[in-house]
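Readers should treat all values here as calculations from the given coordinates under stated rules, not as data from a laboratory. If you're wondering where the values come from, they're calculated on a predicted model, not measured in any experiment. Every residue, glycine among them, receives a Cβ derived from its backbone with ideal geometry; neighbour counts consider all protein chains shown.
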Amino acid sequence: MRPFVVIVGPTAVGKSALGLDLARAVRGEIISGDSVQVYRKLDIGSAKTPPSEREGVPHHLFDFLDPHEPYTVAQFQAAASRLVSEIRARDHVPILVGGTGLYVRSLLDPYRFSEKGSEAIRQKWLDFLTQEGKETLHRALEERDPLTAARLHVNDRVRVIRALEVFELTGQPLSETRTASDKVYAPLDPHTVYIGLEAPRETLYSRIDERCAEMIRDGLIEEVAELLHSGYSPKLKPLQSLGYRQVFWYLRGLATQAEALRFMQRDTRHFAKRQFTWFRRDPRITWYDISRLSPNRILEDVICTCRALETRVE
């Protein structure tokens, strides 16, 4: 059986570049494990690999939703699971590249997501939000799941409603469900190659700062302005993601361009720290330090691992 490769790590560490090089070497196809790259028109801020640089390598779960459409981990799990099977059926190697930790774990571990009755429950809480306001909605979550409420900002209406929905569907707080499952790391399928890229903090933060500045140079401000001109609300969940949120502040006159860039760099560094904390807990990941090993050395090692799995006698 062809291996299934998973490449994780904090933002700006080089996951996409490694995934693309690996795909060219082993007849691979890329599956995005990112919660923003699924949206059309959100290109620069989500750090998508431009089509011109994909060099014929198939990329999946990119650019298939409009920014106003919701996207959940359950949808990702179903779509990515199907893609892994389809890519292997073509005798190619599926390569999941992503930094959204829950998405990755939903594919590797037996996470279960109940959807039955969810539309009616979501609508109920959406109506509640309209009538009572976001603060009252957040208090409703505090009464049912104080730990999750403490973790979610009052403005994060999508996740607040999702937590309320889970409570009604399962009778358990989302915090209890997540805490129990997050601490269990089941053995991986023997054909899974699970690797992580890391770097010393100063190296990673320097890369993040430069990437943010490059996004501005490449036209992130123009990309966000076009989204606004097209009628998209800055309150939409994907437009509240890193980069887009800070540029909205600039376009609304709430920050100078220099301040928006500084906030973007600061918030991205904080996000990278949370990503690394999430992934570092997983003992199944083989880590590569990009400050100690060259990209070619890491690539060669992963290729050797893949070929060893393909030739292994069952």
- Task: Compare the Cα positions of Leu174, Ala255, His270 along the charge dipole of the stretch 174-314 (+1 at Cβ of Lys, Arg; -1 at Cβ of Asp, Glu; about the Cα centre) and return the one farthest towards the positive end.
- Result: Leu174
- Note on the structure: Given a Förster distance of 30 Å, the FRET efficiency implied by the Cβ-Cβ spacing of Ala258 and Glu55, rounded to the nearest 0.05, works out to 0.25
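As an exercise, use a Förster radius of 25 Å and the Cβ-Cβ distance of Asp109 and Glu86 to find the FRET efficiency, rounded to the nearest 0.05.
On the way: r = 21 Å, r/R0 = 0.84.
After rounding to 0.05, the efficiency reads 0.75.
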- Message: Between the stretch 256-286 and the stretch 67-136, how far is it from one alpha carbon centroid to the other, in angstrom?
- Response: 22 Å
- Normalising by the residue count of the stretch 118-182, find the relative contact order in percent from Cα pairs under 8 Å and 6+ residues apart. 32 percent
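Can you give the helix-only mean residue ellipticity at 222 nm for the chain, where every DSSP H stretch with n ≥ 4 adds -39500 (n - 2.57) and the sum goes over all residues, rounded to the nearest 500 deg cm²/dmol? Don't skip to the end; give the middle numbers.
Working: 13 runs with 169 residues, N = 314.
Helix-only estimate at 222 nm: -17000 deg cm²/dmol.
Give me Rg/Rg_expected for the stretch 27-80, where Rg uses Cα atoms only and Rg_expected = 2.2 N^0.38 Å with N residues.
Details: Rg = 11.3 Å, N = 54, 2.2 N^0.38 = 10.0 Å.
Compactness ratio reported: 1.12.
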- Note down the net charge around Pro234, summing +1 for each Lys or Arg and -1 for each Asp or Glu among other residues with Cβ under 12 Å from its Cβ. +4
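Considering only Cα-Cα distances, which of the following residue pairs are longer than 19 Å: Lys15/Lys41; Lys15/Lys48; Lys41/Lys235; Lys235/Lys273; Lys134/Lys235?
Lys15/Lys41; Lys235/Lys273
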- Query: Using a Gaussian network model of the chain with C-alpha springs under 10 Å, which one of Asp127, Asp145, Asp282 is most mobile by mean-square fluctuation?
  - Reply: Asp127
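How big is the antiparallel share of DSSP beta bridges in the chain, given as a percent to the nearest 5?
On the way: 0 of 20 bridges.
Here the share of antiparallel DSSP bridges comes out near 0 percent.
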- Task: Select from Ala12, Ala120, Ala79 the residue whose mean-square fluctuation is largest in a Gaussian network model of the chain (Cα-Cα springs shorter than 10 Å).
- Result: Ala120
- Task: Please give the contour-minus-distance gain from Arg201 to Glu143: 0.36 nm per residue of separation, less the Cα-Cα distance, rounded to one decimal in nm.
- Result: 17.0 nm
- Normalised per residue, the volume inside the convex hull of the alpha-carbon atoms of the chain in Å³ amounts to 145 Å³
- Glu210 paired with Asp156, simple spin-label distance in nm, labels 7 Å along Cα-to-beta-carbon: 3.1 nm
- Please report the base-10 log of the normalised intensity I(q)/I(0) for the stretch 118-182, using a Debye sum with one equal scatterer per alpha carbon and no solvent, at each q in 0.12, 0.20 (1/Å). -0.25, -0.70
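What size of dipole, in debye to the nearest 20, comes out for the stretch 179-264 about its Cα centre when the only charges are +1 on Lys and Arg C-beta atoms and -1 on Asp and Glu C-beta atoms? Working shown, then result.
Working: 10 positive and 12 negative charges, 75 e Å.
Value, rounded to 20: 360 debye.
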- Label model pair Leu293, Leu251: point-to-point distance (7 angstrom along the Cα→beta-carbon line) in nm is 4.1 nm
